[in-house]
Amino acid sequence: MKIWAQLYIEHKVAKDIIIEFTGKRPRNKETWRQIIGELCDALNQIHPVMLNKHINQLTRLSRTSFIAADFLEPTEFTKLEVQILPDETKADI
């Protein structure tokens, strides 16, 4: 599973990263908290507060966004967007 995280300042991407995680797509809050934490650590950012809405969006829509209100400390960016990238499959030739 590959996850793409993008930090936005105003409406422009300031930083982004793609990290590949082993295993199936998680369904619980604790596992997602660890994955989002790893993404934030790689971007050198603080961790957001994970709400049920974030888990539901990741599960149903394969994406979610964290705004400044989702962080306990002030942030220099306006939004952190996280998206699960589709698995690449090899086409039969």
I need every pair where a residue in segment 1-20 that is within 11 Å of L43 (Cβ to Cβ) has its Cβ under 6 Å from the Cβ of a residue that is among the small types (G, A, S), sequence separation at least 6 or different chains.
L7/A14; I17/A5; I17/A42
Yes/no for I36 being of a type outside the set (F, W, Y) and under 11 Å from the mean Cα position of the chain (by Cα)
yes
Filter result (out of contact with any strand residue (DSSP E or B) (no Cβ under 8 Å at 6 or more places or on another chain), closer than 17 Å to L85 by Cα and not aliphatic (A, V, I, L, M)) within segment 51-70
N56, T59, R60
Looking at segment 60-83, I want the residues that are part of a helix (DSSP H, G or I) and have a partner that is modelled with pLDDT of 90 or more with Cβ atoms under 6 Å, at least 6 apart or on another chain. Which pairs are those?
D70/P48; D70/V49
What's the number of the only condition in (1) more than 25 Å from E20 (Cβ to Cβ); (2) aliphatic (A, V, I, L, M); (3) modelled with pLDDT under 90 that A91 fails to meet?
(1)
Residue pairs within 6 Å by beta carbon, gap of at least six or interchain, first lying in segment 23-38 and over 15 Å from K2 (Cα atoms), second β-branched (V, I, T), listed first then second, are K29/I55
Hey, can you tell me all the residues within segment 1-50 that are in a strand (DSSP E or B), in contact with a Lys or Arg (Cβ under 9 Å, 6 or more places away or on another chain) and more than 12 Å from L80 (Cβ to Cβ)?
I18, I19, E20
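Quick one: in segment 42-93, of everything that is of a type in the set (G, A, S), within 14 Å of the chain's Cα centre (by Cα) and surrounded by 14 or more Cβ atoms within 10 Å (Cβ to Cβ), which residue is nearest to T31 (Cα to Cα)? Talk me through it step by step, then tell me what you get.
Taking segment 42-93 and keeping what is of a type in the set (G, A, S), we get 42, 62, 65, 68-69, 91.
Narrowing the set further to residues that are within 14 Å of the chain's Cα centre (by Cα) leaves 42, 62, 65.
Those still in the list that are surrounded by 14 or more Cβ atoms within 10 Å (Cβ to Cβ) too: 62, 65.
Working: S62: 15, S65: 17 Å.
So, considering only residues that are of a type in the set (G, A, S), within 14 Å of the chain's Cα centre (by Cα) and surrounded by 14 or more Cβ atoms within 10 Å (Cβ to Cβ), the one nearest to T31 (Cα to Cα) is S62.
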Any chance Q57 is assigned to a helix (DSSP H, G or I), polar (S, T, N, Q) and within 21 Å of F21 (Cβ to Cβ)
yes
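The values are calculated or read from the model by the stated rules, or taken from the named source; none is laboratory data. This is a predicted model, so every value here is computed, not measured. Every residue, glycine among them, receives a Cβ derived from its backbone with ideal geometry; neighbour counts consider all protein chains shown.
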